[in-house]
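One structure is given here, and the rest of the page talks about it.
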Amino acid sequence: MTVLVVGSVNADLTVRTARIPAPGETVLGGDAVTSPGGKGANQAVAAALAGAPVALIGAVGQDTFRDVALRGLQGAGVNLGSLLTLDAPTGLALITVSAQGENAITVASGANAHLTPAHLPEDLGGVSHLLLQQELPPEVTLHAARQARAAGVPVLLNAAPTRDLPADLLGQVTHLIVNEHELTALRPDGGTLERQAASILARGPQAVTVTLGAQGSLTVTAQGSHRLAAHPVQATDTTGAGDTFCGVLAARLAAGDPLPAALRAAGVAGALACTRPGAQDAMPRWAEVQAVLAPA
């Protein structure tokens, strides 16, 4: 069974600087580095590296950034049979990384913005889990989620980047993954993180996971809440850590792991991704994650 990712495909242009520039400020940085990215592609690569058969539905252009954008997907063995080439530039992300490993990202969507529901397949046979993000047009994400829900396929939605959700999208979602900022943007009732996450359960999802960086993660279901401490690492670049978490979580759920074990694997993988520069280039192989999990 395959993890199907419907999501964005970008090339990343990254510059390391002493700090993230303030509005109106120019900061000198190091050499620009091009690498594959896009939240959809990132999560597809992470899932494939964690041992899942993965297929991606996305779009690129015919420009010079196309080969960069596809390099990691091809290297990880992701099925690109449904990849579209559209009359638009390949998506591009401009990333600034500070000396502390934090990042600021601006995305030019390009071909990603030209995907429509008509580009999605009608048959989800052989798909075990659907993984979505919010870099595609909202109507595409909603249509994919509805298709999966109708077919009985669990839907994982990473509600990033922050944007308005289609009215009934949460009702199609099985597992919602957000960070603290994205959780707040969903306008829950306030209070503790547990209360905020629990308030979203009433809107459809069976589980809500809040990623908390160095503080680990919190997952809330109807059965209660589960906090997971972060695997300790010396972070050098947090770009792609959240995508690594999402992809590995989907892969391990597809492999039949119980939710707590899948969350721990995702947390370890996300932490390891912070120890190397880049997004897809920094993602750990499954053997590296297993080496950390083995003593547990």
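The values are calculated or read from the model by the stated rules, or taken from the named source; none is laboratory data. Predicted, not measured: the structure shown is a model, and the values here were computed from it. Reconstructed Cβ throughout: ideal geometry from the backbone, glycine too, with neighbour counts over all protein chains shown. These area figures cover heavy atoms from the full protein model, side chains too; ligands, DNA and RNA do not enter into them. Shrake-Rupley method; radii C 1.70, N 1.55, O 1.52, S 1.80 Å.
Restricting attention to region 1-17, and to residues there that are at pLDDT 95 or above and assigned to a loop (DSSP other than H, G, I, E, B), which single residue is farthest from Val140 (Cα to Cα)?
Filtering region 1-17 for residues that are at pLDDT 95 or above and assigned to a loop (DSSP other than H, G, I, E, B), the one farthest from Val140 (Cα to Cα) comes out as Val9.
State which residue is modelled with the lowest pLDDT when the search covers only region 260-296 and only residues that are in contact with a strand residue (DSSP E or B) (Cβ under 7 Å, 6 or more places away or on another chain) and in a helix (DSSP H, G or I).
Applying the first criterion (in contact with a strand residue (DSSP E or B) (Cβ under 7 Å, 6 or more places away or on another chain)) to region 260-296 yields 260, 263-264, 267, 278-281.
Next cut, in a helix (DSSP H, G or I) only: 260, 263-264, 267, 280-281.
Details: Pro260: 97, Leu263: 98, Arg264: 97, Gly267: 98, Gln280: 95, Asp281: 92.
The residue in question is Asp281.
I need the full set of residues from region 256-284 which are touching a Ser or Thr at 6+ places or on another chain (Cβ under 9 Å), among the small types (Gly, Ala, Ser) and surrounded by fewer than 23 Cβ atoms within 10 Å (Cβ to Cβ), in order please.
Answer for region 256-284, where residues must be touching a Ser or Thr at 6+ places or on another chain (Cβ under 9 Å), among the small types (Gly, Ala, Ser) and surrounded by fewer than 23 Cβ atoms within 10 Å (Cβ to Cβ): Gly278, Ala282.
Search region 100-126 for residues being in a loop (DSSP other than H, G, I, E, B) and on the phi > 0 side of the Ramachandran plot, and hand back the single one that is surrounded by the most Cβ atoms within 10 Å (Cβ to Cβ).
Residues of region 100-126 that are in a loop (DSSP other than H, G, I, E, B), as a first pass: 100-102, 109, 115-116, 120-126.
Narrowing the set further to residues that are on the phi > 0 side of the Ramachandran plot leaves 101, 126.
Working: Gly101: 17, Gly126: 10.
The qualifying residue surrounded by the most Cβ atoms within 10 Å (Cβ to Cβ) is Gly101.
Among the residues of region 217-233, write down those that are surrounded by 14 or more Cβ atoms within 10 Å (Cβ to Cβ) and not in a strand (DSSP E or B).
Ala230, His231, Val233
Within region 233-244, does at least one residue satisfy the condition of being over 18 Å from the mean Cα position of the chain (by Cα) and β-branched (Val, Ile, Thr)?
If we filter region 233-244 for residues that are over 18 Å from the mean Cα position of the chain (by Cα), which is where we start, we get 233-236.
From the residues that got through so far, the ones that are β-branched (Val, Ile, Thr) too are 233, 236.
Yes: one or more hits.
Specify the residue that is nearest to Asn103 (Cα to Cα); the eligible residues are those in region 18-37 that are within 26 Å of the chain's Cα centre (by Cα) and open to solvent by less than 70 Å² (accessible area, probe 1.4 Å).
Ile20
Pairs under 6 Å by beta carbon, first residue part of a loop (DSSP other than H, G, I, E, B) in region 66-92, partner of a type in the set (Asp, Glu), six or more apart or different chains?
Pro89/Asp63; Thr90/Asp63
If a residue must be under 16 Å from the mean Cα position of the chain (by Cα), part of a loop (DSSP other than H, G, I, E, B) and not aliphatic (A, V, I, L, M), how many such residues does region 155-193 contain?
4
Out of curiosity, is Thr85 out of contact with any helix residue (DSSP H, G or I) (no Cβ under 6 Å at 6 or more places or on another chain) and among the β-branched types (Val, Ile, Thr)? I'd like the intermediate steps shown before the answer.
On the way: out of contact with any helix residue (DSSP H, G or I) (no Cβ under 6 Å at 6 or more places or on another chain): yes; among the β-branched types (Val, Ile, Thr): yes.
It is true that Thr85 is out of contact with any helix residue (DSSP H, G or I) (no Cβ under 6 Å at 6 or more places or on another chain) and among the β-branched types (Val, Ile, Thr).
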